[in-house]
Amino acid sequence: MSHKEVVRVRDVMKAKFDMVDGMATVSDALAEMKHVETKSLIVDKRHDDDEYGMLLISDIARKVLAVDKAPERVNVYEVMAKPVINVDPAMDIRYCARLFDRFQLSRAPVVEAGKVVGIVSFTDMVLRGFCKNV
């Protein structure tokens with residue numbers, strides 16, 4: 001029986017991510033995106049008892065572009081998902097992939113001690129985690 005090295009979410013997550021306020025307009029949120037590869041924005045908590053949200057590029061396409069709304073007239077909170085499932089950085093990527101499959105997720109914030117420390121996607125898990133062990 002061979003012993004496989006456990007690959008953790010922290011080993012494959014992207015530590016650089018874009019965070020936006022839910023009150024921002026979609027237009028402002030897109031203008032604030034700093035990372036070229038970004039397909040999602042983490043929506044920050046408004047207070048300690050709040051939860052993180054997420055705005056996917058596909059949400060903007062379906063809920064703003066496809067229905068011909070002006071992005072400067074739509075607030076992030078109107079089209080975001082909240083609350084979102086988040087994962088712990090110490091989670092084994094095999095379990096993370098199962099979680100994504102079970103709940104039909106494509107990406108999730110990585111939260112440690114109540115703060116977002118990164119974002120992980122199926123692509124990250126496969127290309128950065130699984131492929132290096134193949």
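The values are calculated or read from the model by the stated rules, or taken from the named source; none is laboratory data. In this text, all values refer to a predicted model and were calculated from it rather than measured experimentally. Positions of Cβ are generated from backbone atoms using ideal geometry, with glycine treated the same way; all protein chains shown enter the neighbour counts.
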Region 26-55, residues that are buried (at least 17 other Cβ atoms within 10 Å of the Cβ) and outside any loop (DSSP other than H, G, I, E, B) | Val26, Ala29, Leu30, Ser40, Leu41, Ile42, Val43, Gly53, Met54, Leu55
What is the residue count in region 23-53 for residues that are over 19 Å from Leu65 (Cβ atoms) and out of contact with any Lys or Arg (no Cβ under 7 Å at 6 or more places or on another chain)?
-> 12
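Per-residue answers, yes or no, for (1) of a type in the set (Val, Ile, Thr); (2) modelled with pLDDT under 95; (3) farther than 28 Å from Gly129 by Cβ:
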site	(1), (2), (3)
Met13	no, no, no
Phe17	no, yes, no
Glu32	no, yes, yes
His47	no, yes, yes
Pro71	no, no, yes
Which residues, counting only those in region 97-127, are within 21 Å of Asp18 (Cβ to Cβ), out of contact with any strand residue (DSSP E or B) (no Cβ under 9 Å at 6 or more places or on another chain) and in a helix (DSSP H, G or I)?
-> Met125, Leu127
For region 60-75, enumerate the residues that are surrounded by 18 or more Cβ atoms within 10 Å (Cβ to Cβ) and either closer than 27 Å to Arg102 by Cβ or of a type outside the set (A, V, I, L, M) (or both).
-> Ile60
Which number in (1) of a type outside the set (Asp, Glu); (2) surrounded by fewer than 16 Cβ atoms within 10 Å (Cβ to Cβ); (3) touching a Pro at 6+ places or on another chain (Cβ under 8 Å) marks the one condition that Thr123 misses?
-> (3)
Could you tell me whether any residue of region 69-92 is more than 15 Å from the chain's Cα centre (by Cα) and assigned to a strand (DSSP E or B)?
-> yes
